[in-house]
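Novice: To start, I am sharing the structure in question, which I have written as structure tokens.
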């Protein structure tokens with residue numbers, strides 16, 4: 001589906017590039033090329049972010065970091081990342097997705113390459129914060145760029161590809177980074193990632209159409225909780241509930257992603273290679289499940305919240321099974337099953353958000369939503385780490401992670417009720 005807004009926007013750039021873009025935009029496959037570009041952006045965001053979990057051990061020897069400082073690297077990344085989501089959403093609505101996205105990618109490239117030059121832990125903490133700030137606009141931009149090109153009944157499948165970026169990055173990071181570090185060192189890894197980010201920024205500039213700040217010509221499809229002007233009073237409540245639901249889901253999914261290596265090493269004395277293999281299985285499970293779950297949800301698009309609730313309720317049960325394993329093979333199998341349950345609901349949460357929000361406010365709304373979702377990543381490593389230090393129990397730390405999805409299920413249940421009231425108000 002090629003929108004009039006996208007066509008008009010493509011004509012506003014400098015002439016040589018604009019001509020090439022107009023030809024590309026009118027091609028039937030363009031929306032899939034565009035979606036692939038957005039998947040690459042989200043993949044790169046996670047991929048670069050996950051480098052620290054692989055280099056922390058070797059970098060700590062170079063920097064003389066304490067265990068507490070190592071945890072702060074992740075926390076400070078998200079301290080920069082979370083507020084940048086909301087600010088990035090505002091800038092995207094005002095100046096256009098391509099301009100903000102390309103600028104952010106170049107900033108990320110500079111910060112990533114610069115991280116390879118650090119010599120002290122304090123320098124690293126500053127650069128990690130800058131990396132978080134430069135990554136903050138990616139989610140809002142990719143959602144706003146992608147959503148107009150797919151109808152409501154296609155968004156679950158399309159956003160499934162966007163959501164695949166997370167688990168694919170987990171798999172790739174754990175397969176690639178240890179080998180680069182062993183052969184070249186952790187500093188060189190960040191130089192390579194910086195060059196990679198420059199290449200992606202250039203490709204994104206060439207592919208993504210320039211969009212008008214007002215994003216004219218695109219209106220949302222009627223989703224489960226979309227309402228007209230009489231139901232507009234419910235907008236804030238619906239956005240808040242989606243924010244809280246995503247926070248709970250992120251607490252469980254990415255809490256496990258960032259803490260699992262450490263938890264397995266500390267609780268079961270796994271070596272780094274075995275722990276990474278379990279996480280790879282976790283990522284593979286998510287990669288397989290996400291597009292299938294998104295495609296199924298498109299068949300019953302009006303019931304996406306119920307699908308997400310089901311996934312959120314299954315996740316804690318699978319997490320409990322994972323915590324009861326005692327063998328490496330058992331952890332691998334349970335890790336795969338956990339990945340299936342942990343990531344499957346993410347494209348649906350994004351689709352629910354896009355269904356409800358006028359496209360002209362989608363950048364801001366997506367930025368605020370993702371800021372709330374990712375704030376869980378600031379808190380959950382500290383909470384899980386404290387539980388492990390106090391109890392030395394994997395099961396107890398996983399119980400902490402399970403609390404988030406339960407909260408998310410409650411919020412979406414309330415959202416369904418609020419949506420019904422909003423639809424009723426819109427008919428008055």
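Just so it is clear, none of the values below were taken in a lab; they were calculated from the coordinates. All values derive from a computational prediction rather than experimental measurement. With ideal geometry, Cβ positions are generated from the backbone for all residues, glycine too; neighbour counts draw on all protein chains shown.
Novice: Label-point separation (nm) for residue 122 and residue 151, each offset 7 Å from Cα along Cα-to-Cβ?
Specialist: With each label point 7 Å from Cα toward Cβ, the separation is 6.0 nm.
Novice: Continuing with this model, one more query. For Cα pairs less than 8 Å apart in space and 6+ apart in sequence, what is the mean separation divided by the residue count of region 82-203, i.e. the relative contact order in percent?
Specialist: Once normalised by length, the contact order is 42 percent.
Novice: In addition: Contour minus end-to-end for residue 94 and residue 324, with contour as 0.36 nm per residue of separation and end-to-end as the Cα-Cα distance?
Specialist: Full extension of this stretch gives 77.8 nm more.
Novice: Multiplying the sequence separation of residue 206 and residue 396 by 0.36 nm and subtracting their Cα-Cα distance, what value in nm do you get?
Specialist: Taking residue 206 through residue 396 to full extension adds about 63.5 nm, to one decimal.
Novice: What list do you get for 182, 93, 298 if you sort them by fewest beta carbons within 10 Å?
Specialist: Ordered from fewest to most neighbouring Cβ atoms within 10 Å, 182, 93, 298 come out as 182, 298, 93.
Novice: Pull out the extension gain between residue 237 and residue 406, defined as 0.36 nm times the separation in residues minus the alpha carbon to alpha carbon distance; nm, one decimal.
Specialist: Computed gain between residue 237 and residue 406 is 58.9 nm.
Novice: Would you mind computing, in nm to one decimal, how far apart the modelled labels at residue 199 and residue 299 are, each placed 7 Å from Cα along Cα→Cβ?
Specialist: About 3.9 nm, to one decimal.
Novice: For region 150-176 and region 300-354, compute the distance between their C-alpha centroids and round to whole Å.
Specialist: Cα centroid of region 150-176 versus Cα centroid of region 300-354: 15 Å apart.
Novice: Any idea how far apart residue 418 and residue 33 come out in nm if each label point goes 7 Å out from Cα toward Cβ?
Specialist: Once both label points are built, they end up 4.0 nm from each other.
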